[in-house]
Amino acid sequence: MGDGPVGLGRDLILQRSDALYVAPRWLPGAHAQTIWPALFSRPATAVRPLRWERERWDTPDGDFVDVDRISVERRGTAPLVVLFHGLEGSSRSHYAQAVAHACMRAGWSIAVPHFRGCSGEPNRAPRAYHSGDWPEVDWILRRFCATHSGALQAIGVSLGGNALLRWAEEAGHAARGVVQSLVSVSAPIDLAAGGAAISCGFNRLVYTRMFLRTLKPKAIGMVHRYPGLADARAIAAAQDLRAFDNAFTAPVHGFRDTDDYWRRASAKPHLARIRVPTLLINARNDPFLPASALPAAGEIAPGVWLEQPEEGGHVGFARGGPPGVLDWLPQRILQFFAHGL
């Protein structure tokens, strides 16, 4: 793992203008660049259709994690990419599909472990998942490391990106014994700033309502299975993520309240602790995190690179003519994994 990008300069990626994403003219603005790719853009042409194979892993606390995999023929030695999805995401998410197609073309295997309750079946234990769930990430990555003999790379998208960064921060030097490198995409690394942004105006009307539409029924169902776990009426009344996290996420996962959860789970304050080659991709017009909350070069460790294109929205990055092709992000990720630049 000594051939990664450590020591090449923490501003290198920002200085490489040829690597930065540029939005097509027909796709203007942060919201269009977020919503359109998720609904209408397509992955680049695939070698063959995606055929996920599902594995169920029993967890130490008596629950389960469902893992969707696509393995190449040389499964044991081919590089394996582990992708941690975003809030209420899955292997069906547009970014997971696009990265999976790119991995197939490159001859790499890919796995998408689903956070608790995101695989289509309620989980068994009285817990869900959250942005700082790095112990879960640690358990998953170490299990992959123990069973895969080839190179192991990790991607975290949105919530999954913050959780993956928190794992790298907590693991320190030990992370290099598990993964070769990692990429974080559109991670809300300052949860307070992100929570405030998504709770206002159009963001609240569209994105917050979309997330709460699935989060609230799952949380209320868990409270019904485990009476006393949280206040079902407060969950049902939540109109933004702050209220939902205060009613469910924080008390269920050992935080005092939303402010305590957002403070302790945010990756931004600890980026200088990362000791594994890491690329952070954040569009400066991401509606989920204001550009003012993005990290600067002085807040990161050597071997951590910042790529902050002016456009791209939240996990958008479509290119080409309508309806757009989702090839820039997968190509950028695999380029970093293969060459460290």
(Q) Take the residues in segment 64-122 that are in a loop (DSSP other than H, G, I, E, B) and among the basic types (K, R); name whichever of them is farthest from F337 (Cα to Cα). (A) R116
(Q) Of everything in segment 273-310, what is within 22 Å of Y207 (Cα to Cα), of a type in the set (A, V, I, L, M) and out of contact with any strand residue (DSSP E or B) (no Cβ under 6 Å at 6 or more places or on another chain)? Give them in sequence order. (A) A283, L289, A291, A293, L294
**Q.** Criterion: within 21 Å of A196 (Cα to Cα) and among the small types (G, A, S) - qualifying residue of A230, A272, A243
**A.** A243
**Q.** Only listed residue being acidic (D, E), on the phi < 0 side of the Ramachandran plot and crowded, with 23+ Cβ neighbours inside 10 Å, chosen from D240, D259, D245
**A.** D245
Q. Could we say that D68 is surrounded by fewer than 24 Cβ atoms within 10 Å (Cβ to Cβ), within 25 Å of F248 (Cβ to Cβ) and among the acidic types (D, E) here?
A. no
(Q) Tally up the residues in segment 140-164 that are under 17 Å from A265 (Cβ atoms) and not in a loop (DSSP other than H, G, I, E, B), please. (A) 8
Q: Could you list all residues from segment 250-307 that are among the acidic types (D, E) and either touching a residue at least 60 places away in the same chain (Cβ under 8 Å) or in a helix (DSSP H, G or I) (or both)?
A: D259, D260, D286, E299, E307
Q. Can you tell me which residues in segment 69-124 are among the β-branched types (V, I, T) and closer than 18 Å to V157 by Cα?
A. V81, V82, V99, I110, V112
Q) Of the residues G313, G321, which is assigned to a loop (DSSP other than H, G, I, E, B), under 17 Å from the mean Cα position of the chain (by Cα) and in the same structural domain as L165 (by TED's automatic domain parsing)? A) G313
(Q) From the list D231, D138, D133, D190, exactly one residue is charged (D, E, K, R), touching a helix residue (DSSP H, G or I) at 6+ places or on another chain (Cβ under 7 Å) and more than 24 Å from R275 (Cβ to Cβ). Which is it? (A) D231
**Q.** Residue satisfying condition, being within 28 Å of A236 (Cα to Cα), buried (at least 18 other Cβ atoms within 10 Å of the Cβ) and out of contact with any Phe, Trp or Tyr (no Cβ under 8 Å at 6 or more places or on another chain), within set A197, A193, A163
**A.** A193
Q: Out of A283, A272, report the one residue that is farther than 16 Å from P188 by Cβ and among the small types (G, A, S).
A: A272
Q: Could you tell me which of the residues F248, F202 is closer than 15 Å to S131 by Cβ and not assigned by TED's automatic domain parsing to the domain that holds A32?
A: F248
Q. How many residues are modelled with pLDDT of 95 or more and closer than 12 Å to T147 by Cβ if we restrict to segment 62-81?
A. 3
Q: Find all pairs meeting these conditions: Cβ atoms under 8 angstrom apart; at least six residues apart or on different chains; first residue within segment 84-111 and acidic (D, E); second residue crowded, with 21+ Cβ neighbours inside 10 Å and modelled with pLDDT of 95 or more.
A: E88/C118; E88/L215
Q: Would you list the helices (runs of 4 or more DSSP H) that sit entirely within segment 165-239 and hold 1 or more residues that are under 23 Å from L39 (Cα atoms)?
A: 191-198, 209-225
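The values are calculated or read from the model by the stated rules, or taken from the named source; none is laboratory data. Computed from a predicted model, the values in this text were never measured in an experiment. Reconstructed Cβ throughout: ideal geometry from the backbone, glycine too, with neighbour counts over all protein chains shown.
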